[in-house]
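Asks: Following this message is one structure expressed as structure tokens.
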Amino acid sequence: MAVDQDNGQMDPSVPESYEHLLEDYSQFAPPAADEVVQGTVLGITAKDVIIDFGYKSEGIVPIEQFQSPTGEVTVKRGDVVDVMIDRSEHVEGYQLLSHTKAARLRVWDDLEKASNGQLILSGRVLGRVKGGLAVDVGVKAFMPGSQADPRPVHNLDSLIGQDIPVKIIKLNRRRGNVVVSRKLAVEDEINSRKSVTLEHLSEGASVVGTVKNLTEYGAFIDLGGIDGLLHVTDMSYGRITHPSEMLQVGQDVTVKILKFDRGKERVSLGIKQLEPDPWDTVLERYPVDSRVIGRVVNVTDYGAFVELEAGVEGLIHISEMTWSRRMKHPSKVVKASDQVEAVVLEVHSKDRRISLGLKQLEPNPWTTIDSRYSVGSVVEGRVRNMTDFGAFIEIEEGIDGLVHVSDLSWTKRVKHPSEILKKGMIVQAVILNIDSSSHRLSLGIKQLQPDAWESYFQNHQVGDTVHGRVCRLASFGAFVELAEGVEGLCHFSEVPGYTGRRGAEEPPMHVGDEHDYKIIKMSEAEKKIGLSLRAVTDDEEKNRLEDYQRQAAAATSTIEEVLSLKDRSHE
């Protein structure tokens, strides 16, 4: 019995002796209309491609099906291609075949295999469509925007024209619909790479990665399925304000693994750790008191940072920029990018600090001030600053002296130096004290004139009668101005006719009254002068009595002389 080729059952109408003949000639049976077979290119004409597809006659395929968009023929003699019978027609003795239909059927077969096996395919992004992208995977497929990448993609147009890996998430051959996902393909690839990477990661190891993303604070490095963070502070020992100064996306870099948390899959990376730390030997290169040259990289309110080499910076504090105390801001001396010379003052390698100085390049004017100035000498300078307690006067660059408010005037009660001085005014002063070790210079302006009290005490003494004007009254007496800046006190007990009873009578003196007073007490140390109006009155009465007595005595003497003359004349 022969086997029916259509249903696989034995055909009783065919004797068993003819079975071998059927098998020998089965190769000449034409393929089914929807069957894809492989054929070999025998020749190429201007219109057709001649194909040997294993049948008793060759077939032809219109050459358009083997031409590129530019018209170039994509096959040559001997190539093996997929074909299927287009129609049961013959053209000039050749069977009409279709490569396009065969390719389409082959693609769907491949797509079904990929879908069933969750295989990764390669597709080319054709363009944007509503809700996502059109992708060529042999047929036109749809990829939703949410399936473009494991991370949100804000610009889907960036994928257009790219060949991308995809996985089929939905396929309907009857309707010709295919939905693909790049996200799933990438995640599969990442997971496979991650498992391999995690096996080889260890703290302290050096690995090669690719810069995946840049942020303000660092860069994410793809180590192979797992991202590590390279913080901006671990990129270089030098000053870096943004990772883009050193890296760019897509760049391959060698990094060192600083920390690795396998459970949380967190990796901290560093580049500068691949090189020796320059601070380990900084003291050898920058000894104290040595002169160095660097570039100003930052200026702040309190000083300027100077880069001596990559990763090593020193601070010039504002107090170390000039010997003068009047500098308001470091920008008055240095600016960013300036190249400056400085002196190393201190080095603290553990704290990664170097203190530098500019003013040390010039001699300290305070070290020679004793030889250039002396107490009592007169100097001239500009008023630089004023406070409640005095005024600072710059007598030369780096040398400021203080005029205390009490040394501004002998006569005036000065509450604030602005009552006498103005900022920027050029004035003269007398040096009262020099303290070079503490950088202090005491000046006085009132000392330019003689002390009114001192002069008064030199020219007057107890018992002198002086003239004065009442300038103010107190409950116990009157203050009398004897000279400019010199006052005396006349207690009410020294005023004749005043009992001192409160409310019983008005004070016998008023502001503005002028009288003669007698000095009854003087204290130069306390700058006090006691006055008495009563003593002047008593002196006047005493003088009048003495004058009367002198006049009476003179009169008596005259009478006696007259009587004596008369007596002589009688004799």
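The values are calculated or read from the model by the stated rules, or taken from the named source; none is laboratory data. Not measured: the values here are computed from a predicted model. Backbone-built Cβ (ideal geometry, glycine too); neighbour counts: all protein chains shown.
Asks: Filter segment 150-181 down to residues that are touching a Gly at 6+ places or on another chain (Cβ under 9 Å), touching a residue at least 40 places away in the same chain (Cβ under 8 Å) and not β-branched (V, I, T), then give me how many there are.
Replies: 2
Asks: Right, here's the next one. Among the residues of segment 155-173, write down those that are modelled with pLDDT of 80 or more and either touching a Cys at 6+ places or on another chain (Cβ under 8 Å) or part of a loop (DSSP other than H, G, I, E, B) (or both).
Replies: Matches in segment 155-173: N155, I160, G161, Q162.
Asks: How about segment 390-419: which of its residues are closer than 16 Å to Q447 by Cα and of a type in the set (A, V, I, L, M)?
Replies: Residues satisfying the conditions are A391, I393, L402, V403, V405, L408, V414.
Asks: Are any of the residues in segment 432-453 farther than 30 Å from H404 by Cα, surrounded by 13 or more Cβ atoms within 10 Å (Cβ to Cβ) and hydroxyl-bearing (S, T, Y)?
Replies: No.
Asks: Taking segment 264-303 as the region of interest, how many residues are out of contact with any His (no Cβ under 9 Å at 6 or more places or on another chain) and either under 19 Å from S337 (Cβ atoms) or of a type in the set (S, T, Y) (or both)?
Replies: Counting residues in segment 264-303 that are out of contact with any His (no Cβ under 9 Å at 6 or more places or on another chain) and either under 19 Å from S337 (Cβ atoms) or of a type in the set (S, T, Y) (or both) gives 11.
Asks: Continuing with the same structure: Starting from segment 110-122, take each residue that is assigned to a helix (DSSP H, G or I) and list its partners that are not aliphatic (A, V, I, L, M), counting only C-beta distances under 9 angstrom and pairs at least six apart or across chains.
Replies: From residues that are assigned to a helix (DSSP H, G or I), the pairs are D110/G138; L111/G138; L111/R173; E112/R173; A114/K167; S115/K167; S115/K170.
Asks: Next question, about the same structure. Working only within segment 508-537, note down all residues that are free of Cβ contacts under 8 Å to residues at least 24 places away in the same chain and within 26 Å of N459 (Cα to Cα).
Replies: S523, A525, E526
Asks: Just need a number here: residues in segment 380-428 that are in a strand (DSSP E or B) and either basic (K, R) or under 19 Å from G485 (Cβ atoms) (or both). Walk me through it before giving the result.
Replies: Pass one, segment 380-428, residues in a strand (DSSP E or B): 380-387, 390-396, 399-404, 426-428.
Adding the requirement that they be either basic (K, R) or under 19 Å from G485 (Cβ atoms) (or both) leaves 382, 384, 403-404.
Residues meeting the conditions: 4.
Asks: Right, next: For H460, indicate whether it is at negative phi, surrounded by 12 or more Cβ atoms within 10 Å (Cβ to Cβ) and modelled with pLDDT under 90.
Replies: Details: at negative phi: yes; surrounded by 12 or more Cβ atoms within 10 Å (Cβ to Cβ): yes; modelled with pLDDT under 90: yes.
Yes; evaluated as a whole, the condition is true for this residue.
Asks: A further question follows. Would you be able to tell me the number of residues in segment 478-500 that are assigned to a loop (DSSP other than H, G, I, E, B) and among the charged types (D, E, K, R)? Can you show your working first?
Replies: The initial filter retains those residues of segment 478-500 that are assigned to a loop (DSSP other than H, G, I, E, B), namely 484-485, 495-500.
From what is left, the residues that are among the charged types (D, E, K, R) are 484.
Number of matching residues: 1.
Asks: While we're here: For segment 523-534, what are the residues that are modelled with pLDDT under 90, buried (at least 18 other Cβ atoms within 10 Å of the Cβ) and out of contact with any Cys (no Cβ under 7 Å at 6 or more places or on another chain)?
Replies: Answer for segment 523-534, where residues must be modelled with pLDDT under 90, buried (at least 18 other Cβ atoms within 10 Å of the Cβ) and out of contact with any Cys (no Cβ under 7 Å at 6 or more places or on another chain): just R534.
Asks: Inside segment 91-125, can you point out the residues that are within 60 Å of the chain's Cα centre (by Cα) and not aliphatic (A, V, I, L, M)?
Replies: D110, E112, K113, S115, N116, G117, Q118, S122, G123, R124
Asks: List pairs: first residue in segment 48-76 and at positive phi, second residue outside any loop (DSSP other than H, G, I, E, B) and buried (at least 20 other Cβ atoms within 10 Å of the Cβ) anywhere in the structure, Cβ distance under 8 angstrom, at least six positions apart or on different chains.
Replies: G54/G39
Asks: Looking at segment 144-161, which of its residues are surrounded by 12 or more Cβ atoms within 10 Å (Cβ to Cβ) and not charged (D, E, K, R)?
Replies: P144, G145, S146, Q147, A148, P150, V153, L156, L159, I160
Asks: Are there any pairs, at least 6 apart or on different chains, whose C-beta atoms fall under 6 Å, with the first in segment 539-557 and at pLDDT 70 or above and the second exposed (fewer than 10 other Cβ atoms within 10 Å of the Cβ), and if so, which?
Replies: Note: no pairs meet the criteria.
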